[in-house]
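Only one structure is covered here, and it is reproduced in the block below.
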Amino acid sequence: MVSTTLISSVPQYVSAEEHRNIVGSTPTSFNDIPPVLRHKEDNVRVMLDPPLHTFTEQDCANGTLFVIENALVFMSSTGVGFQVPYPAITLHAIARPESGPSIYCQLDELTGEPGAAESPENDEASDMRELSIIPSNPASLELIFEAMSLCASLHPDPNVSDDDDLDEAFMDESAFETFTGEEGDELSEVGRVRSDFVNNSRYAPY
């Protein structure tokens, strides 16, 4: 079963203000509180490679992006959409090719499958899907990127142990070269990625 799933309606969510009000009222169960919507962007086009089964080019042409804390959701103006859980988004970055800027994502379509990480068959490119998110307003790219980074930080990689974190904490910084490009130089489009190392303390969730 792939991680990216088709949907016919947008999942339930609440705004950050609604979440504060619900929490302030001391609900019976905090587990029943819907996830928070971190960003909503209308007039968005998406590209999927390989395409999602039965999700047509017309479906990709225009819709609304919902950056919800538990999933990234695209709902097409045709009435169908898809959602991706954040653990399946192994990389997201702001890409600026000549064809126009976008949010570029790599999706692991076997996230959550038993034995997926150990199986050598899962090294095949077919297990990875590329998603490009192209808003009609390029100025919204930063907002989408930051919202996705926040949501991704709420879903740390379960395969990373505390020992791995300690190893990273004691790495010799002298082994790395700092980027000091000349004026006009830019980091590559993968220079701004989530890639499972966003620090939870970097953001205040609410």
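The values are calculated or read from the model by the stated rules, or taken from the named source; none is laboratory data. Since this is a predicted model, take the numbers as computed values, not measurements. Using ideal geometry, Cβ is built from the backbone for each residue, glycine included, and neighbour counts are taken over all protein chains shown. What goes into the accessible areas is simple: the full protein's heavy atoms, side chains included, and nothing from ligands, DNA or RNA. Shrake-Rupley method; radii C 1.70, N 1.55, O 1.52, S 1.80 Å.
How much FRET efficiency would the formula 1/(1 + (r/R0)^6) give for Thr54 and Ser99, where r is the Cβ-Cβ distance and R0 is 25 Å, rounded to 0.05?
Working: r = 26 Å, r/R0 = 1.04.
In this case the efficiency is close to 0.45.
Taking only C-alpha pairs under 8 Å that are 6+ residues apart, what is the relative contact order of segment 8-113 in percent?
19
Sort 68-74, 133-139 by the packing proxy (mean of other Cβ within 10 Å over each peptide's residues), most packed first. Could you put the intermediate results ahead of the total?
On the way: 68-74: 22.4, 133-139: 15.3.
With the highest mean Cβ count within 10 Å placed first, the list reads 68-74, 133-139.
With a 1.4 Å probe and every protein chain left in place, tell me how much accessible area Tyr104 has, in Å² to the nearest 10.
So the heavy atoms of Tyr104 present about 40 Å² to solvent.
Sorting Glu17, Glu142, Glu109 by accessible area (1.4 Å probe), largest first, what list results?
Ranking Glu17, Glu142, Glu109 by accessible area, largest first, yields Glu17, Glu142, Glu109.
Enter the accessible area of Ser132 (Å², nearest 10), with the probe set to 1.4 Å and all protein chains included.
Estimated to the nearest 10 Å², Ser132 gives 30 Å².
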